[in-house]
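Report on the structure given below.
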Amino acid sequence: MDFNDTPQEAEFRAKCRAWLDANAELKTKKTNSTKNMNVGNKSLLEAAAEWQKKKYDAGWAMIHWPKEFGGIGATPIERIIWAQEESKFNVPKGVYEIGLGMAGPVMMEYATDEQKERYLPPMAEGKEIWCQLFSEPSAGSDVAGLRSKAVQDGENWIVNGQKVWTSGAHFSDYGILVVRHDPGLEKHKGLTFFFVDMKSPGIEVKPIKQLTGGSSFNEVYFNDVVIPDSQRLGEIGDGWKVAITTLMNERLAVGDADGVDANEAFELAKKHDKDGEQLIDNNAVRESIADWYCEASGLKNTKLRTMSALSRGDTPGPEASITKIVSANKLQAIGNFGMDSSDMSGMLMDEESDFIKFQMAWMGAAGLRIAGGTDEILKNIIAERVLGLPQEARADKGLAFKDIPSGS
Amino acid sequence: MNLDFSDDQKLLQEEAKKFLTKEDALKINRAVMDSDKTYDQDLWNKIVELGWTGIRIPEEYQGLGLSHLELCVIAEELGRQLAPVPFSSSVYLFTETLIEFGSEEQKQSILPKLVTGDVIGTLAIAETNSAPTINNISVELKDGKLSGTKIAVPDAEVATHAVVVAKNGDSVSLCVADLNSDDVDITVQRNIDESRGYYSVSFNDANAEIIGDEESGWSNLEKIMDHAAVLFSFEQIGGAQASLDMANTYAKERYAFGRPIGSFQSMKHKLADMYVALTLAKSNSFYGAWALSSNAAELPTAAATARVSATKAFQLCSQENIQTHGGNGFTWEYDCHMFYKRSKVLSLNLGSLPSWREKLIKSLEQANIKL
């Protein structure tokens with residue numbers, strides 16, 4: 001056992017590092033925060049575009065992609081090494097992840113050669129931003145229950161309906177889209193997958209104000225939107241199969257919850273006191289921090305086990321499936337603890353104070369426990385895919401979609 | 001990056017698993033529970049023959065001269081099948097102390113006999129109903145003679161020797177005593193796990209020999225506890241995995257309301273929670289194994305982290321395995337209770353969960369370690 005790179009990995013890491021050193025600034029304690037994209041935050045968009053282009057020109061944008069689309073055919077472990085090194089630098093985040101992480105793989109697998117040539121390089125270069133249009137007001141965890149309609153009309157499809165929780169729709173150029181082409185078929189069989197130009201007539205994007213006050217998600221309305229059949233990905237009726245490709249990628253992409261962790265809780269507990277007794281001397285506080293530390297350490301070492309398998313060239317086990325459940329719940333608990341540490345004034349927010357990170361963690365965690373698969377759905381996935389337990393008996397099995405009870 | 005066991009170590013683990021399955025260790029454990037025995041002599045003899053007691057003992061003392069990592073994979077299998085043998089007492093506690101702190105003479109006289117099984121060791125710490133500390137040890141070593149009573153000493157009946165934590169003037173020392181001496185009285189103590197033996201051991205001016213620096217007994221003990229915490233954490237993840245596997249099998253086979261109970265979300269989420277706890281524990285135990293085998297400065301933190309996670313995982317998995325089995329889980333006939341009881345014994349033997357959480361926070365305070 002060791003935590004060292006192999007000689008090849010070390011060489012690759014040094015190469016990553018050398019380029020990053022020359023082109024970006026290392027994070028300092030002050031800059032060590034993840035900026036979320038906000039509606040209207042043009043400066044972040046510009047900064048992100050500039051960084052993406054810089055990476056693309058030097059071959060670092062999508063290193064695991066084949067050469068012809070701007071990658072270098074990097075191995076999975078090299079991809080992780082690059083991400084580890086890049087994360088040490090103060091570079092813009094949150095604009096391209098969805099497109100590159102979810103639309104990219106689907107286009108790679110299902111688009112025609114001409115389409116790949118046309119769309120993948122600008123996606124990698126950051127010239128064109130992509131979003132994902134899956135969830136709907138009545139289809140969240142049960143995303144296959146979506147109702148947006150596509151009707152074939154010669155060489156085109158006419159799409160009507162509403163999507164929701166679409167990150168970055170307001171600045172995206174293209175989107176990947178699942179819609180229902182036949183409500184007379186069973187739920188999963190009546191779906192078809194497309195990509196769509198977000199500037200198409202009939203598409204309207206409205207931001208959703210979140211409980212944090214920010215807006216990183218949107219509602220997207222489709223009103224007689226025309227999509228050419230050539231933009232269909234997969235066969236008619238294969239929409240679910242294609243969507244699963246991206247959902248699997250989403251589960252990997254929405255990984256560790258960023259934010260305060262056991263270390264920050266520990267530092268905070270050393271700062272606060274009550275009648276001269278430091279919070280860190282309180283047994284209940286010590287026990288909570290010990291448990292959070294064990295969870296954080298468990299996640300870190302789980303990741304290292306996954307990396308070890310990749311480093312050997314093996315397929316990792318299912319262990320990484322625990323990441324989001326554990327980290328989002330831990331984040332919520334630590335955010336809560338942070339505010340409790342200030343007792344009666346714990347609710348007061350001060351933009352200038354470091355303390356606000358606990359409040360933001362507490363608010364953000366409420367969303368993280370839902371985004372990219374709720375705790376409950378992720379537990380179902382562990383139970384069914386990892387432990388092999390049978391599926392829940394379903395009230396919609398064998399029914400035409402139009403006959404499924406919907407409560408409305 | 002290699003936070004995993006080597007192919008050779010995995011092969012050893014596979015062989016250990018096959019051996020214990022062939023011997024039907026779980027059934028042997030049940031037989032021990034149903035008798036007044038506290039271990040199985042025949043299984044123990046076979047384990048000694050396989051050389052497992054000498055895994056960590058250097059070749060110059062007739063051992064196999066392998067590392068802690070080989071011991072970890074064996075521990076996981078012993079834990080998975082609840083093998084009722086004095087392995088943990090003799091190997092994780094006694095042998096580790098000898099290897100770490102024994103004088104050359106002590107090593108030469110004892111280590112080869114641990115390999116052959118002529119010596120079986122244990123460790124005697126507790127004396128009262130409170131957690132042992134450097135201040136409340138009253139068994140005393142004076143002029144080479146031990147006096148006083150230890151309680152909850154594992155495997156003391158089958159053990160020939162014990163490392164004893166004793167007050168020695170103003171400090172605490174570790175010393176080795178011969179348990180077969182006429183000056184030592186051993187009485188069995190009833191405990192929650194009928195497949196394990198715990199004893200009170202009274203020393204009546206019994207001969208004992210100091211092991212390690214006589215003034216560093218307590219810190220040496222803490223080091224051995226860190227070693228043992230990692231090794232026991234592998235027994236715990238083995239037991240937790242076995243409990244989860246049992247629950248999983250049962251949830252697929254047992255029908256209620258016309259369908260397998262494993263198809264209900266409440267059951268799926270329960271089993272997913274077990275899997276999450278086990279995965280965290282396993283990853284932390286691997287980290288502990290790395291720290292132990294490389295004698296890293298992080299060992300106290302890594303050991304406490306492995307201990308806390310593995311204790312939580314085994315207790316959760318064994319308790320929810322009973323719950324998954326419903327009324328059957330509460331019977332003597334089903335195996336669930338054997339894991340439930342073992343999980344509690346293993347959560348106490350080196351000190352309770354709260355004690356180890358406290359150790360973890362202390363180690364973070366001292367080392368200022370960051371994740």
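Each reported figure results from applying straightforward, stated rules to the coordinates on display, with no laboratory input. Keep in mind that what you see is a predicted model, and the values were worked out from it rather than measured. Methodologically, a virtual Cβ is constructed for each residue, glycine included, from the backbone with ideal geometry; neighbour enumeration extends over all protein chains shown.
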Can you tell me the 0 to 90 degree angle between the C-alpha axis of helix A:283-312 and the longest principal axis of chain A, rounded to 10? 50 degrees
Once the Cβ-Cβ distance between B:Asn295 and B:Thr331 is put in as r, and R0 is 51 Å, what FRET efficiency do you end up with, to the nearest 0.05? 0.65
Sites A:Ala14 and A:Gln391, calculated FRET efficiency, Cβ-Cβ separation with R0 35 Å, nearest 0.05: 0.15
So, with points 7 Å from each Cα along the Cβ direction, the B:Glu140-A:Lys402 label distance in nm works out to 9.4 nm
Subset of A:Lys15/A:Lys163; B:Lys142/B:Lys344; A:Lys54/A:Lys303; A:Lys53/A:Lys187; A:Lys127/A:Lys402; A:Lys187/A:Lys379 violating a 32 Å alpha-carbon distance limit: A:Lys15/A:Lys163; B:Lys142/B:Lys344; A:Lys53/A:Lys187; A:Lys127/A:Lys402
Each label point is 7 Å from the Cα along the Cα-to-Cβ direction; what then is the distance between the points at B:Asp118 and B:Asp8, in nm? 2.9 nm
Counting only other chains, what is the mean number of Cβ atoms within 10 angstrom of the Cβ of each residue in peptide A:261-271? 2
Under 14 Å, Cβ to Cβ, from A:Ser308 - net charge with Lys/Arg +1 and Asp/Glu -1: -1
Between B:Ser266 and B:Ala31, what is 0.36 nm times their sequence separation minus the Cα-Cα distance? Round to one decimal in nm. 81.1 nm
For A:Gln210 and A:Glu235, calculate 0.36 nm times their separation in residues minus their Cα-Cα distance, and state this gained length in nm to one decimal. 5.4 nm
Using 31 Å as the Cα-Cα cut-off, could you pick out the over-long pairs in A:Lys271/B:Lys270; A:Lys116/B:Lys268; A:Lys116/A:Lys189; B:Lys145/B:Lys341? A:Lys271/B:Lys270; A:Lys116/B:Lys268; B:Lys145/B:Lys341
What's the extension gain from A:Asp350 to A:Ser138 if we count 0.36 nm per residue and subtract their Cα-Cα distance? 72.6 nm
Average other protein chain Cβ within 10 Å of Cβ, residues A:384-394: 6
At a 10 angstrom cut-off on C-beta neighbours, averaged per residue, how do the peptides A:171-184, A:198-211, B:299-312 rank from highest to lowest? B:299-312, A:171-184, A:198-211
Putting +1 on Lys and Arg Cβ atoms and -1 on Asp and Glu Cβ atoms, find which of B:Ala303, B:His269, B:Ser285 reaches farthest to the positive end of the dipole of region B:259-317. B:His269
Roughly what would the spin-label model give for A:Lys53 and A:Lys199, points 7 Å off Cα along C-beta, in nm? 1.7 nm
Excluding A:Leu20 itself, calculate the net charge of residues whose Cβ lies under 12 Å from the Cβ of A:Leu20, where each Lys or Arg counts +1 and each Asp or Glu counts -1. +3
How many Cβ atoms of partner chains, on average, are near each residue of B:357-364 if near means within 10 Å of its Cβ? 5
Got a sec to turn the phi values of region A:121-127 into Karplus ³J(HN,Hα) couplings, 6.51 cos²θ - 1.76 cosθ + 1.60 with θ = phi - 60°, whole Hz, x for Gly and Pro? x, x, 5, 5, 6, x, 6
With a/c under 1.5 counting as rounded, go ahead and sort region B:7-116 into rounded, prolate or oblate using the C-alpha gyration tensor (a ≥ b ≥ c being the square roots of the eigenvalues; past the cut-off, prolate if a/b is larger than b/c, else oblate). oblate
Spelling out what I want: for every residue of region A:233-245, take phi, set θ = phi - 60°, compute 6.51 cos²θ - 1.76 cosθ + 1.60 (Karplus), and round to whole Hz; glycine and proline get x. 10, x, 6, 4, x, 9, x, 5, 4, 5, 4, 4, 3
Quick note, chain B: a/c under 1.5 would make it rounded; otherwise a/b > b/c is prolate and the rest oblate (a ≥ b ≥ c, C-alpha gyration tensor); here it is prolate
From the gyration tensor of the Cα coordinates in the protein assembly as shown, what semi-axes in whole Å does the equivalent ellipsoid have, largest first, with each one equal to sqrt(5λ)? 55, 29, 24
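Restricting to DSSP loop positions (anything but H, G, I, E, B) with no more than 12 other Cβ atoms inside 10 Å of their own Cβ, which chymotrypsin sites (Phe, Trp or Tyr not before Pro) remain in region B:248-356? Numbers along the way, then the final one.
Working: sites: B:Tyr250, B:Tyr255, B:Phe257, B:Phe264, B:Tyr275, B:Phe286, B:Tyr287, B:Trp290, B:Phe314, B:Phe330, B:Trp332, B:Tyr334, B:Phe339, B:Tyr340, B:Trp356; in loops: B:Phe257, B:Phe264, B:Trp332, B:Tyr334.
Passing sites in region B:248-356 are B:Phe257, B:Trp332.
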Reachable lysines from B:Lys37, criterion Cα separation under 16 angstrom, eight or more residues apart if same chain: B:Lys27
